[in-house]
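Here is the structure we will look at.
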Amino acid sequence: MKIVFYIAAAVMIAVALAAVLLPLVRQGRQSGRPRSVFALALVIAFVLPVTAAGLYLLVGTPVALNGVAAQPESTLTVQQAIDELRNHLAQQPGDKQGWMLLAQTSIMQHDAVGARDAYDHVLKLDANNAEAMVGWAEADSMLSADHKIEGRALDLLKHAVLLQPDSQRGLWLLGISDFQHGDYRNAASTWRLLQPQLEPGSQVAQAVAQQIAAADARAGGAPHDASSEAPAAAAQGASLQVQVSLAPTLKNQLAAGDTLFVYARAENGPPMPLAVAKLDASQLPANVTLTDAMAMMPAMKLSSVPRVFVGARISHSGQPIAQPGDLEGDAGIVAVDSKTPITIRIDKVH
């Protein structure tokens, strides 16, 4: 696997930039602010989780870093290095880091098909890899004539942000999808989640603010306030009282370290929860209050819909996305303005 080092040495910075630069520049052109979006791309790209430490774990310490004279092998071209990496992966298809590096390098080479395929391999090995989900969505958008983010790409982005709420690329691309589909209020709301991660007054913070302002302007002026559109009873924030218990027949399947998720999602809408609470499963039976403050995105909260599906799940892996063997229960569809405590009995195995 020494060959992977040559790829990393040649394209580590270029990959980081290319992975985010293209969609940001496209969005900047659409909104008429290419300079600010370009600045945003530069800074966000440099915080991508492609680090030298991770590469050393993959390839070992390169001899060049030990002061040893470079070998003739170092004259290898990038394309030859990619070919050798592909050969390595054909022999060791379980090398997740190798597939990730191939995906990122393929993006740099403008090979969106190859990048998407490589990210697919990563997701087969690690279904909850948020970085691969975002990368797949980005590569997929490059393959369409209008570069729209929709279908599986959009679903993966939503899951990625659920797993990694501070994913800057994920949030940015999710906002782009909203903007592309004319949902300017949600685009602005999603991009606002980036703001706490940025240094106040910095060039990047200013660029994000400009994009939010552009989305707000297209939405009709004022920033979106879902509570202003909600019924009066929900104007101060919706809340649901949920009582969760575990069926006696499943108690022997409860293990130390299991996590309890109690959630509410829209009756007709995306799978992303409008509110979710996370507890240690050992606290069962438990009383939980789901509120607007638990929303994953500002524009998607309890008070934004009239009815929700309320469920509970015990996760053995600690992941919010259901896995085989998880324990589940639900109360079905309930009205958001319900004041009666909701009862859930966890009595099924996923």
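The values are calculated or read from the model by the stated rules, or taken from the named source; none is laboratory data. Remember, predicted model here, so these are calculated numbers, not experimental data. Backbone-built Cβ (ideal geometry, glycine too); neighbour counts: all protein chains shown. Side chains included, ligands, DNA and RNA excluded: accessible areas come from the protein's heavy atoms. Shrake-Rupley method; radii C 1.70, N 1.55, O 1.52, S 1.80 Å.
Data table
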read-out	value
Where a residue in segment 250-268 is within 16 Å of Q283 (Cβ to Cβ) and its partner, wherever it lies, is at pLDDT below 90 and charged (D, E, K, R), with Cβ under 9 Å and at least six apart	T259/K278; L260/K278; F261/K278; V262/K278
Failed condition for A255, given (1) modelled with pLDDT of 90 or more; (2) surrounded by fewer than 21 Cβ atoms within 10 Å (Cβ to Cβ); (3) among the small types (G, A, S); (4) not in a loop (DSSP other than H, G, I, E, B)	(4)
Residue in segment 87-108 that is touching a Ser or Thr at 6+ places or on another chain (Cβ under 7 Å), buried (at least 17 other Cβ atoms within 10 Å of the Cβ) and assigned to a helix (DSSP H, G or I) present	no
Residue in segment 132-158 that is farthest from the chain's Cα centre (by Cα), counting only those that are buried (at least 23 other Cβ atoms within 10 Å of the Cβ) and among the acidic types (D, E)	D140
Residue identified as without any contact (Cβ under 8 Å) to a residue 12 or more places away in the chain, assigned to a helix (DSSP H, G or I) and either in contact with a Phe, Trp or Tyr (Cβ under 9 Å, 6 or more places away or on another chain) or open to solvent by 10 Å² or more (accessible area, probe 1.4 Å) (or both) among P200, P196	P196
Scan of segment 291-350 for residues that are assigned to a strand (DSSP E or B), touching a residue at least 60 places away in the same chain (Cβ under 8 Å), open to solvent by 20 Å² or more (accessible area, probe 1.4 Å) and closer than 23 Å to L246 by Cα, ordered by number	A331, I333, V334, T343, R345, V349
Subset tally (residues that are in a loop (DSSP other than H, G, I, E, B) and modelled with pLDDT under 90) for segment 258-287	8
Search result, residues across segment 111-131 that are in a helix (DSSP H, G or I) and either open to solvent by less than 40 Å² (accessible area, probe 1.4 Å) or among the acidic types (D, E) (or both)	A112, G114, A115, D117, A118, Y119, D120, V122, L123, A130, E131
Residues within segment 153-179 that are in contact (Cβ under 8 Å) with a residue 40 or more places away in the chain and not hydrophobic (A, V, I, L, M, F, W, C), tallied	8
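Rundown of residues vs (1) over 21 Å from T190 (Cβ atoms); (2) modelled with pLDDT of 90 or more, yes/no style:
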residue	(1), (2)
Q92	yes, yes
D95	yes, yes
A112	yes, no
V122	yes, yes
D126	yes, yes
A130	no, yes
S141	no, no
D155	no, yes
